[in-house]
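The block underneath contains the structure these notes are about, expressed in structure tokens.
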Amino acid sequence: MSVPETFRGCRVEAVRNVLLWDGECGFCANSVEWLHRHSVRPFAAQPVQSLLSDLPRPVRDTAREQVLWIGADGEVLGGSRAVTAVLRASGHGGEAALLQALQPVTRWVYRLIVRHRGRLAPAACKLPPRV
């Protein structure tokens, strides 16, 4: 399944500068907690389930497949682009620039991790079966 990481014309009005993650995924929760511990500047994060009804349909359809970053202007980025954006927002501009420069590789690695997140942290990641 190909999951878009950019959503042309989709804006979110409910929140800004926030990382949204699958609140039913322990691997995701652990990853966000790790990002918070290592951030230079704090950033907001919340489970995507709390905002599903506020997300445009194309974004909502990918919410279980990737993290989402809602920028200052309401623009939505997903997956590896969301990770790059949250790194930049949390004070890791150098790391963000590197991931952006290696975008095709960054996307591939991100998708690989998403596909295997249940195996990476089986005790923490209890995902319901995909429909």
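Some notes on this structure:
- By the beta-carbon count within 10 Å of each Cβ, the least crowded to most crowded order of Ser53, Ser2, Ser80, Ser90, fewest first, is Ser2, Ser53, Ser90, Ser80.
- Taking the inverse of the mean 1/r over every pair of distinct Cα atoms in the chain gives a Kirkwood hydrodynamic radius of 14.8 Å.
- For the pair Arg119 and Glu13, a Förster radius of 41 Å applied to the C-beta separation gives a FRET efficiency near 0.65, rounded to the nearest 0.05.
- Under the combined filter of DSSP loop state and at most 11 neighbouring Cβ atoms within 10 Å, the stretch 9-74 retains these GluC sites (Glu not before Pro): Glu13.
- The charge dipole of the chain, taken about its Cα centre with unit charges on the Cβ of Lys, Arg, Asp and Glu (plus for the first two, minus for the last two), comes to roughly 300 debye.
- Restricting the trypsin sites (Lys or Arg not before Pro) of the stretch 58-91 to loop positions (DSSP other than H, G, I, E, B) with no more than 15 neighbouring Cβ atoms within 10 Å leaves nothing.
- Sorted by Cβ neighbour density within 10 Å, fewest at the top, the residues Cys10, Cys28: Cys10, Cys28
- FRET efficiency for the pair Ser50 and Leu102, taken as 1/(1 + (r/R0)^6) with r the Cβ-Cβ distance and R0 = 22 Å, rounds to 0.10.
Throughout, read-outs are computed from the coordinates displayed, never taken from laboratory work. Model, not experiment: these values are computed from the prediction. For neighbour counting, all protein chains shown are included, and Cβ atoms are generated from backbone atoms with ideal geometry for every residue, glycine included.
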